[in-house]
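Contents: one structure, followed by commentary.
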Amino acid sequence: MKACLLRTPTKIEANPLQFTEMEEPKPGPGELRVRVHVCGVCRTDLHVIEGELPPRKSPVIPGHQVIAVVEECGAGAKKFAKGARVGIAWLHKTDGTCEYCKRGEENLCDSPEFTGYTVNGGYAESMLAPESFVYPIPEGFADEQAAPLLCAGIIGYRCLRMAQVGAGAKLGFYGFGAAAHVAIQVARYWGADVYASTRDERHRRLAMELGAKWTGGTLEAPPEKLDTAIVFAPAGEIVPAALKALRKGGRLILGGIHMSPIPSFGYDLLYQERMIRSVANNTRQDGEEFLKLAAQIPIRTRVRAYPLSEANQALNALKNDAIPGAAVLRVHS
Ligand SMILES: [Zn+2]
Ligand SMILES: [Zn+2]
């Protein structure tokens with residue numbers, strides 16, 4: 001099979017992904033081998049490739065927003081029929097036995113595996129996943145439109161849940177990439193007003209098209225105090241600015257897996273019961289709930305498709321804010 005392989009974490013400008021021929025994997029007990037149709041490109045892939053996340057497997061095939069069809073079922077795997085269309089997300093597997101798993105917080109599992117990071121992912125013609133961590137994909141979404149739902153969508157949904165967004169809420173977004181362009185559609189559906197702060201003009205235009213009430217530069221103060229805000233951009237200097245934009249008792253949610261250091265700030269920005277919370281990974285329940293909701297709304301993703309062989313180009317474009325919406329890799333059709 002063809003795959004994009006990362007041998008050593010390197011800046012994406014050096015085009016470190018190698019488009020190469022590899023042996024097709026064999027599914028073990030409870031696993032599926034799937035034929036990948038489309039794999040979404042996520043900022044986390046960039047963090048893996050550039051070594052901002054410590055390497056856990058080397059070499060590794062990145063990619064964790066996979067739309068695929070089931071090709072082969074390992075021993076005992078019977079949840080999906082051959083040919084079923086499925087989705088594979090970041091959470092590859094949990095141990096199911098640690099205190100977090102037992103408490104229903106499997107996103108915080110002590111020994112998790114992650115797709116495209118600790119195990120090979122979807123920048124390839126085929127891949128493996130345990131059937132219990134594989135999602136059915138609702139009809140009504142084309143493969144390319146569905147791929148960004150698997151991480152940008154699910155993580156954005158978890159951020160919105162943590163932010164306790166309801167009708168009439170004033171909700172700030174910092175950064176307006178793939179996750180925000182999906183989350184705004186959910187927030188609008190729930191009746192919230194969205195204030196989007198982002199450095200890129202194209203992203204501000206997309207936010208307006210998708211119904212933002214206001215857009216501005218990253219550190220620009222929104223015209224009203226926010227009930228809650230979500231930081232999607234991996235830039236720590238946003239945190240004090242976002243706290244300053246919150247009303248008393250407001251919540252600040254940090255949606256990224258990696259962030260540059262947060263500068264120190266005075267206690268007055270946090271005092272008056274403001275709170276900061278990070279979001280880590282997702283539970284399967286988040287995924288199932290969100291995919292159902294996405295079909296009901298229905299979410300419409302904006303994607304730019306690249307062939308698998310051009311994964312480096314797609315990631316360079318992502319790093320340069322050149323993609324309104326989400327980038328996806330087209331593997332098979
Ligand atoms: Zn666990
Ligand atoms: Zn992701």
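Throughout, read-outs are computed from the coordinates displayed, never taken from laboratory work. Treat the numbers as computed from the prediction; the structure is a model and nothing was measured. Backbone-built Cβ (ideal geometry, glycine too); neighbour counts: all protein chains shown.
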Hz values of 3J(HN,Hα) by residue in the range 191-197 - Karplus curve (6.51, -1.76, 1.60), Gly and Pro given as x: x, 8, 9, 10, 10, 10, 10
Mean-position separation - Cα centroids, the range 39-64 and the range 175-233, in angstrom: 26
Mean Cα-pair separation over length for the chain, i.e. relative contact order, pairs under 8 Å, 6 or more apart, %: 19
Helix axis angle, 152-162 relative to the chain longest principal axis, alpha carbon, degrees: 40
Mean residue ellipticity (222 nm) of the chain, computed from DSSP H runs ≥ 4 via -39,500 (n - 2.57), nearest 500: -6500 deg cm²/dmol
Beta bridge orientation in the chain: antiparallel %, DSSP, nearest 5: 55
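Give the calculated FRET efficiency between E237 and S333 to the nearest 0.05, with a Förster radius of 45 Å applied to their Cβ-Cβ distance.
In this case the efficiency is close to 0.60.
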Cross-link table K170/K213; K2/K82; K57/K102; K11/K319; K170/K244, entries beyond 18 Å C-alpha to C-alpha: K2/K82; K57/K102
Ranked S264, S111, S197, criterion: other C-beta atoms within 10 Å, fewest first: S264, S111, S197
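Kindly put E237, E23, E209 in sequence by how many other C-beta atoms sit within 10 Å of each C-beta, fewest to most.
Ranking E237, E23, E209 by Cβ neighbours within 10 Å, fewest first, gives E23, E209, E237.
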Mean Cα-pair separation over length for the range 153-276, i.e. relative contact order, pairs under 8 Å, 6 or more apart, %: 24
Contact order normalised by residue count of the range 254-330, Cα under 8 Å, 6+ apart, percent: 28
Least to most buried among M259, M127 (fewest other Cβ within 10 Å first): M259, M127
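So how much slack lies between T20 and H258, counting 0.36 nm per residue of separation and subtracting their Cα-Cα distance, in nm?
On the way: separation 238, 0.36 × 238 = 85.68 nm, distance 2.86 nm.
Stretched out fully, the T20 to H258 stretch lengthens by 82.8 nm.
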Ellipsoid semi-axes in whole angstrom, largest first, where each is sqrt(5λ) of the Cα gyration tensor of the range 186-333: 29, 19, 17
Under the Karplus curve 6.51 cos²θ - 1.76 cosθ + 1.60, θ = phi - 60°, whole-Hz ³J(HN,Hα) for the range 263-276, x wherever Gly or Pro sits: x, 5, 8, x, 4, 4, 5, 9, 4, 6, 6, 6, 9, 10
